[in-house]
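See below for the structure under consideration.
The values are calculated or read from the model by the stated rules, or taken from the named source; none is laboratory data. None of these values were measured; they are calculated from a predicted model. Methodologically, a virtual Cβ is constructed for each residue, glycine included, from the backbone with ideal geometry; neighbour enumeration extends over all protein chains shown. Side chains included, ligands, DNA and RNA excluded: accessible areas come from the protein's heavy atoms. Shrake-Rupley method; radii C 1.70, N 1.55, O 1.52, S 1.80 Å.
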Amino acid sequence: MVDSYGAIYVSTLEVAKQVTLQRDMFSDVGIFFLLVGLLYVFEALSFRFVVAGGIGRKIIRVFLAPGVLLHELAHYVCAVLSGFSKVRLYLLPNNTAPNVLGHVVYSYKPSLLSSICIVLTSLAPLPIGALALVGLLSLVSYLNVSDVMAVPSLWDFDSFMGYISLVTHELMEISWWKGAICVYLYIVISLTMMPSYQDIKVLLVHGLFVAVLGAILCVFVAMTPYTVMPIVHLGLVILNKGLQVCVSAAFIGLVCVLLISTIISISMSVLSAVRR
């Protein structure tokens with residue numbers, strides 16, 4: 001058993017070293033924060049355009065309901081799998097604020113394991129949202145998972161726009177109703193996949209605690225013949241690739257929201273002029 005685990009460690013370490021050989025850890029950390037920042041910017045802009053489009057608060061809440069359901073289900077399932085007690089899901093609670101669309105509550109006993117599970121539960125909507133976006137494109141178009149995951153770096157503008165063009169072209173090849181559903185779901189998922197304000201507050205407490213313990217563990221491992229930094233770096237590279245898929249989806253969602261809000265504004269202006 002020990003030999004099998006040792007073989008897995010050696011093979012994983014070899015793969016990690018090959019992937020990260022030409023990469024810099026600090027650059028990839030910076031890319032991670034940049035991608036997360038872009039996701040929040042695209043989400044904030046999209047939500048602002050939705051509100052500016054004259055859509056009422058109640059309509060916004062219904063419009064975003066599928067994405068909110070996916071977001072809260074990700075929290076709920078992760079909380080249940082973590083062994084938390086009294087897990088409850090609330091969707092579209094009686095609140096007039098359009099950004100209070102749902103929440104999950106649970107009870108737990110304070111421990112290191114519960115802190116790790118709380119961090120995972122708070123972050124769950126992001127990977128689940130990314131998987132949903134990849135699956136959505138795979139289901140309604142001719143793209144496969146490898147095509148969707150082949151999103152290039154955002155700063156390689158020509159390649160990135162080529163990727164967006166490929167996705168758009170594939171969507172235009174399907175029936176109009178499938179395309180409309182896909183665009184709608186893309187918008188609502190990209191608007192609701194990021195951790196909420198409440199999630200961030202939880203992460204600031206438990207995430208910092210877990211990060212400190214993780215750093216201590218890395219220092220301890222560094223004192224042994226083993227090393228985990230290449231494996232951690234590999235995990236960061238994979239995470240950044242997933243975030244790039246999310247950012248590209250959020251970008252498409254932002255463009256769609258902008259177009260829809262512009263059409264609504266023009267239509268309202270035309271109706272006002274006709275009534276006069």
Original post:
Of [x] 1.09; [y] 1.02; [z] 1.13, which one was derived for Rg/Rh (Cα atoms, Kirkwood Rh) from the structure shown?
Top reply: [y]
Subject >> FRET E, pair residue 168, residue 112, Förster distance 30 Å, beta-carbon r, rounded to 0.05 >> reply: 0.05
**OP:** Quick one: accessible surface of residue 73, probe radius 1.4 Å, all protein chains present, in square angstrom to the nearest 10.
**Re:** 70
Original post:
Do the sum for the chain: with -39,500 (n - 2.57) for every DSSP H run of n ≥ 4, divided by all residues, what is the mean residue ellipticity at 222 nm, to the nearest 500 deg cm²/dmol?
Top reply: -25000 deg cm²/dmol
Original post:
How much of the accessible area of the stretch 111-200, probe 1.4 Å, is carbon plus sulfur, in whole percent?
Top reply: 72
**OP:** With only Lys, Arg, Asp and Glu charged, each at its Cβ (+1 for the first two, -1 for the last two), find how big the charge dipole of the chain is about the Cα centre; round to the nearest 20 debye.
**Re:** 1220
Original post:
What is the extension gain from residue 178 to residue 40, computed as 0.36 nm multiplied by their sequence separation minus the C-alpha to C-alpha distance, in nm to one decimal?
Top reply: 46.9 nm
**OP:** Go through 43, 173 and list them by solvent-accessible area, largest first, probe radius 1.4 Å.
**Re:** 173, 43
Original post:
Cross-link partners among lysines for residue 86, C-alpha distance below 20 Å, same-chain residues fewer than 8 apart left out?
Top reply: 109
**OP:** For helix 176-192, report the angle its Cα long axis makes with the longest principal axis of the Cα atoms of the chain; keep it between 0 and 90° and round to the nearest 10°.
**Re:** 60
Original post:
Between the DSSP loop rule and a limit of at most 13 other Cβ atoms within 10 Å, which chymotrypsin sites (Phe, Trp or Tyr not before Pro) in the stretch 179-276 are left?
Top reply: 226
**OP:** Taking H placed 1.01 Å from N in the peptide plane, check which residues at least 5 places from residue 102 or on another chain put their amide H under 5 Å from its amide H.
**Re:** 92
Original post:
Ignoring ligands, DNA and RNA, what accessible area per residue does the chain give at 1.4 Å, in Å²?
Top reply: 59
Original post:
Put a dot 7 Å past each Cα toward the Cβ at residue 226 and residue 19; how far apart are the dots in nm?
Top reply: 1.9
**OP:** Work from the charge dipole of the stretch 143-211 (Cβ charges, +1 for Lys and Arg, -1 for Asp and Glu, about the Cα centre) and give the residue of 206, 159, 192 farthest towards its positive end.
**Re:** 206
Original post:
Just the accessible area for residue 227, please: 1.4 Å probe, Å², rounded to the nearest 10?
Top reply: 50
Subject >> By accessible area with a 1.4 Å probe, ligands and nucleic acids excluded, highest first: order of 233, 103, 206, 169 >> reply: 169, 103, 206, 233
